[in-house]
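The values are calculated or read from the model by the stated rules, or taken from the named source; none is laboratory data. The structure presented is a predicted model; accordingly, all values stated were derived computationally and were not measured. As a convention, Cβ positions derive from the backbone with ideal geometry for all residues, glycine included, and neighbour counts pool all protein chains shown.
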Amino acid sequence: MDLGGNRRGVDMGPSAIRVTRLAEKIMELGFAVEDWGDIDSPIPEEAKPGEPNKKYLAEIYKVCESLNKKIHRALKLGAFPVVLGGDHSLAVGSIAGTAGHLKQHNKNLGLIWFDAHGDMNTPDSTHSGNVHGMPFAHVMGMGDPKMAGLGGFKGKILPQNACLIGARDLDDREKELIAKSQIKIFTMKEIDRFGISKVMEEAIGLASNGTAGIHVSYDIDVMDPAIAPGVGTPKKGGLSYREAHLAMELLADSTLALSMDMVEVNPILDNKNATAELGSELILSLLGKRIF
């Protein structure tokens, strides 16, 4: 899906990640793998933009609704869903699926969101109308009522269990919304000052406090564009290669991750599929690949 942003190409992200032999490499870790294929999503030329402050929201909702159902099915089977994107608006569907599954058992879900951006805009605050800048707000129960209520309930994550890591490009109105939401934000300043190990220790603690596990939503633009050039909204000063892997390794050590998104890989803007390769490596680290 690439309906959520201005720059085309992220709809090819799943294919770019698949050709890194991700499925085979996961099997080498000892897991069985089923690739359930792509969820149908129209290209912008086939869809109506709708309202300018929430472009293509009706079509994005349908894709997220389908994803929600697939996540439910995967979790019922005892699987670990890995969602390949596509733009970040799909996270509303994956988080709705995992949170909804836990809600049936009266349990809560924690969230760790890696992103250079806040993704906390709403149709009322946005300058662009791009829905991929709104999914964090929607899963917190803010923004468009229909999108926020996907899966049959709002507020899929409690504020005290939600963390944003790696932010370095926030607009003023978004900063207000993040502060209002009461989520925990670790900007690149905190990572520089305290180190990724300390940040992850705190984030995992917050996301797991009173929850049954953690959803990891990973926008590859959290990485420094020097090593992840294939993104639509690059911003200098992101995570280094080892910081990113250590974050995933610490999550793997915690054994608390229940599901994951890897999103915003844009092969058109990439260099020899380097960004997709990196995304694939990080998925493997989260699933337990070790140096030794």
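How many of the residues making up region 8-41 are surrounded by fewer than 16 Cβ atoms within 10 Å (Cβ to Cβ), of a type outside the set (A, V, I, L, M) and either touching a Gly at 6+ places or on another chain (Cβ under 8 Å) or closer than 16 Å to Ser89 by Cα (or both)?
So the answer is 3.
Residue check: is Met248 buried (at least 23 other Cβ atoms within 10 Å of the Cβ), farther than 17 Å from Gly133 by Cα and either touching a His at 6+ places or on another chain (Cβ under 6 Å) or of a type outside the set (Ser, Thr, Tyr) (or both)? Even if it seems obvious, please write down each step before you answer.
Numbers: buried (at least 23 other Cβ atoms within 10 Å of the Cβ): yes; farther than 17 Å from Gly133 by Cα: yes; either touching a His at 6+ places or on another chain (Cβ under 6 Å) or of a type outside the set (Ser, Thr, Tyr) (or both): yes.
Answer is yes for this residue.
When region 252-282 is examined, which residues are found to be under 20 Å from Asn68 (Cα atoms) and among the β-branched types (Val, Ile, Thr)?
Looking only at region 252-282, we keep the residues that are under 20 Å from Asn68 (Cα atoms), and these are 257-264.
Correct list: Val263 only.
Among the residues in region 105-115, are any under 18 Å from Met1 (Cβ atoms) and of a type in the set (S, T, N, Q)?
no
Testing Asp119 on (1) assigned to a helix (DSSP H, G or I); (2) among the charged types (D, E, K, R); (3) under 15 Å from the mean Cα position of the chain (by Cα), one condition comes back false. Which one is that?
Every listed condition holds for Asp119 apart from (1).
Which one of Ala276, Ala228 is in a loop (DSSP other than H, G, I, E, B), within 19 Å of His88 (Cα to Cα) and not acidic (Asp, Glu)? Break it down stepwise before answering.
Values: Ala276 fails: in a loop (DSSP other than H, G, I, E, B).
None of the other options fit; the residue is Ala228.
Filter region 30-72 down to the residues that are charged (D, E, K, R) and farther than 21 Å from Gly149 by Cβ and list them by number. Outline the logic, then answer.
Filtering region 30-72 down to residues charged (D, E, K, R) leaves 34-35, 38, 40, 45-46, 48, 51, 54-55, 59, 62, 65, 69-70.
Matches in region 30-72: Glu34, Asp35, Asp38, Asp40, Glu45, Glu46, Lys48.
What are the pairs with Cβ atoms under 6 angstrom where one residue, in region 10-21, is among the hydroxyl-bearing types (Ser, Thr, Tyr) and the other, located anywhere, is at pLDDT 95 or above? Sequence gap at least six, or different chains.
Note: pairs meeting the criteria are Thr20/Ala276; Thr20/Glu277; Thr20/Ser280.
Hey, does region 60-67 have a residue that's in a loop (DSSP other than H, G, I, E, B), closer than 30 Å to Ile268 by Cα and free of Cβ contacts under 8 Å to residues at least 60 places away in the same chain? Step through it out loud before you land on a result.
So in region 60-67, the residues in a loop (DSSP other than H, G, I, E, B) come out as none.
Scanning region 60-67, I find no residue that is in a loop (DSSP other than H, G, I, E, B), closer than 30 Å to Ile268 by Cα and free of Cβ contacts under 8 Å to residues at least 60 places away in the same chain, so the answer is no.
What residue, among those in region 98-117 that are touching a strand residue (DSSP E or B) at 6+ places or on another chain (Cβ under 6 Å) and not hydrophobic (A, V, I, L, M, F, W, C), is nearest to Glu59 (Cα to Cα)?
Selected residue: Thr98.
I'm trying to understand the selection: among the residues of region 68-83, which are assigned to a loop (DSSP other than H, G, I, E, B) and within 19 Å of the chain's Cα centre (by Cα)? Lay out the reasoning, then the answer.
First pass over region 68-83, keeping only residues assigned to a loop (DSSP other than H, G, I, E, B): 77-81.
Listed by number, the residues that qualify are Ala79, Phe80, Pro81.
Quick one: Asp124 ticks every box in (1) among the acidic types (Asp, Glu); (2) more than 16 Å from the chain's Cα centre (by Cα); (3) crowded, with 19+ Cβ neighbours inside 10 Å except a single one, so which number is it?
(3)
Going residue by residue through region 256-268, is there one that turns out to be part of a helix (DSSP H, G or I) and surrounded by fewer than 23 Cβ atoms within 10 Å (Cβ to Cβ)? It would help to see each step written out before you state the result.
Initially, region 256-268 is screened for residues part of a helix (DSSP H, G or I), giving 267-268.
Next, only the ones that are surrounded by fewer than 23 Cβ atoms within 10 Å (Cβ to Cβ) stay: 267-268.
Scanning region 256-268 turns up at least one residue that is part of a helix (DSSP H, G or I) and surrounded by fewer than 23 Cβ atoms within 10 Å (Cβ to Cβ).
Select, from Ile95, Ile112, the only residue that is part of a helix (DSSP H, G or I), surrounded by 22 or more Cβ atoms within 10 Å (Cβ to Cβ) and modelled with pLDDT of 95 or more. Break it down into steps so the answer makes sense when it comes.
On the way: Ile112 fails: part of a helix (DSSP H, G or I).
Every option except Ile95 fails the conditions.
Kindly provide the set of residues from region 22-40 that are assigned to a loop (DSSP other than H, G, I, E, B) and either in contact (Cβ under 8 Å) with a residue 24 or more places away in the chain or within 22 Å of Leu67 (Cα to Cα) (or both), ordered by number.
We begin by selecting, within region 22-40, every residue assigned to a loop (DSSP other than H, G, I, E, B); these are 29-40.
Selection gives Leu29, Phe31, Ala32, Val33, Glu34, Asp35, Trp36, Gly37, Asp38, Ile39, Asp40.
If I filter region 122-145 down to residues being of a type outside the set (A, V, I, L, M) and not in a loop (DSSP other than H, G, I, E, B), which single residue comes out as farthest from Val265 (Cα to Cα)? Steps first, please.
Taking region 122-145 first, the residues of a type outside the set (A, V, I, L, M) are 122-130, 132-133, 135-136, 138, 141, 143-145.
Narrowing further to those that are not in a loop (DSSP other than H, G, I, E, B): 132-133, 135-136, 138, 145.
Working: His132: 13, Gly133: 15, Pro135: 17, Phe136: 18, His138: 22, Pro145: 28 Å.
Once the filter is applied, the top-ranked residue is Pro145.
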